[in-house]
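Okay, structure first, notes after.
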Amino acid sequence: MDVLSHYSSPVIEFPATQPIEKQNALVDNCTGTDPPPLSLDAGTETQEMQHVATQTEQCCSSKSVDYDERALAKWLRQICPLVEQELSQPTPLMEDQQSSQCTLEEQLQVHTYQKLTMDSVENSQGLAIWLCVHTNNAPVLVATTVAPHDDWCEHVEQQLKLFVPQRMSHGNFVVYSEAKALPLKSCLRSLCTNGFNKQMFAGATMDGELFVWLYEQARAGGDSSAEVKQLHSVSSTYGAAVALDWVTEQRLLACYANGTVLQWLVAKQMTLDWEYSLPASVATELTTMVSLGLDDFVLGTNNGGVYRCWSTSRQPAADRSNKQLQLLALRRHRFMVSTLQKTEMDGHQIVVSCDLSGQTYYHDMRHEEEDTAQLIVQIPLPFKNAIACSRDANIIYCPSSDGALDYYRISDGARGHVKGVLRGRGQFIRISDNGCWLITGLYGNEFQIFYIENNFSE
C-alpha cells in the first residue's frame, strides 16, 4: 500500500475586473424615469377582456370611454333581487339533501295506518273531509266516491259514508269503522267542514243541489251510535258548486264555475244572503275558493289566475242581491289553479296556491296592494296538483302512486317518502285540523289513511 504524502495544490486566482475600492450606483430598470417611446407596437399592446353579455360601454375608445349609466342601473335593478333571493335561500348540496331527508323522516314520522274500501265504478275519484275529534285525538271521517262524468251525473246510487274511530281493546290505537251510509241523488262535486262547528258539514251535488248535514253522537245506555241529520237542502240554477267554504258558523260560501259566488245564511231556514259575480273583464272559469273572513275570499281560475275579493263596509240589505267587492289580482300561475289553502306562517295569514304543474305560491295576505308571493316552491317530478299543508305551512304533503305519500320541508328542501301498497294514482288529499291524520285516494276503490307522529314542535 502506497504511503500518502502531503501535497499542496497551486492557488488559481480570478482577478476582479473592477477595482475593489470603487463603488457603483445601482439603478432598477423596472422603475426607470426615462420618457416612453413616441410610438407603441399595437400588436403587443395589452387589451382588457370584456364580456359581451355584460358590456355597458357605448364606444371602445382607448383614451376616453363613456358609460351608459341608465342601462347599468337597469341591469343592477334586475340582477340584485335575484342575487339576494339566491343568497337568502341557497340550494342545498346533494349530501345535505340526503342528510336532511333522513333527519326529516326521523323527526316527522308518517305511518300508513288503515285502508278504507268503498263501492265505486271504474276510474272514480275520492272525496273526504274530517269532522270533530271523537277519541284518541282521532276525528270522525266522511268519505264518498265521484263517478266519471261530464256536465251531469247519471249515477243515482251514490252514498256518503261516515267512519267513526273506535278505541281498540289492546294498545293505544283506534280503528275506523263504518257507522252510517247516506244515499245521495247524485255524486258530490265538493265537500266542506264547518270550521266553527266541526259537527256540521255541507256538500254540493252535480245536479246543482246544496246540502247541509249535522253529525250527532247519540248515546243509549252503554252503547253509542252515530247519526247524520240533514238540516237544509236548496237548489241552484248555476249547476254544481266547484268549491264550498264556511265564513262563520252560520254563513256558507258557494263558488260556481261561471264566476258566481253565493253566500247562504244557515239558520232555521237556509236563505240567500248575497250574490257576487266576477267582472266581465275577468272572463274565466272558477276552479277553487278559500274564505279569509267576512266578505273576504280568494278565487282560483282555470287559466292560472288568483284573485282576492273583499269589501271594507257592509252593504244595505236591499243591495246584497248584487254584491260589490274590490278585486285584486295576485301572482298568476301558468296553468289551472287546482288547490287553494289558508294557513299561517310566522303568525301571518298565508294563502297557498298550487297549479297543475306542481308550482306552489305562498301569498302573504298582509301585502294587499302588491302581491309579492315571496315563497315559490316547485314540487319535484312527477308533477302533483293535490297538496295539503301542515299547520305552520312548512311541510307540503302530496299523494303519490300506489298509495304512497311524498312530503317536503320548505325551509331546507328536505324530502320524505312513505311507500304504499295500493294500485293507482291518488288525486285527492285532505289533512285534519290537528295535523295528525291524512287521507288520500282514490286507489281503485280504496282510500289510504296516514298517521303523522311529530317529534318536534312546528
Item to check | Selected residue (criterion: nearest to the chain's Cα centre (by Cα)) from residues of region 418-428 that are in a strand (DSSP E or B) and either over 23 Å from THR288 (Cβ atoms) or touching a residue at least 60 places away in the same chain (Cβ under 8 Å) (or both) | outcome: PHE428
Next on the checklist: Scan region 292-299 and tell me whether some residue there is touching a Gly at 6+ places or on another chain (Cβ under 9 Å), at pLDDT below 95 and surrounded by fewer than 17 Cβ atoms within 10 Å (Cβ to Cβ).
Outcome noted: no
Checklist entry - Is one or more of the residues making up region 398-417 closer than 24 Å to ASP296 by Cα and in contact (Cβ under 8 Å) with a residue 12 or more places away in the chain? => result no
Item to check | Candidate set: region 233-250, residues that are surrounded by fewer than 19 Cβ atoms within 10 Å (Cβ to Cβ) and part of a strand (DSSP E or B); chosen: the one nearest to the chain's Cα centre (by Cα) | outcome: THR248
Checklist entry - Could you list, in sequence order, the residues of region 191-202 that are small (Gly, Ala, Ser) and not in a strand (DSSP E or B)? => result GLY195
Checklist entry - Pairs under 8 Å by beta carbon, first residue more than 22 Å from SER120 (Cβ to Cβ) in region 170-195, partner among the acidic types (Asp, Glu) and surrounded by 15 or more Cβ atoms within 10 Å (Cβ to Cβ), six or more apart or different chains? => result GLY195/ASP433
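Out of all the residues in region 227-276, which are charged (D, E, K, R) and under 18 Å from ASP295 (Cβ atoms)?
Within region 227-276, ASP245, GLU249, ARG251, ASP273, GLU275 qualify.
The values are calculated or read from the model by the stated rules, or taken from the named source; none is laboratory data. Note that the coordinates shown come from a computational prediction; the quantities given were computed from them, not determined experimentally. Cβ sites come from the backbone with ideal geometry, for glycine too, and all protein chains shown count toward neighbours.
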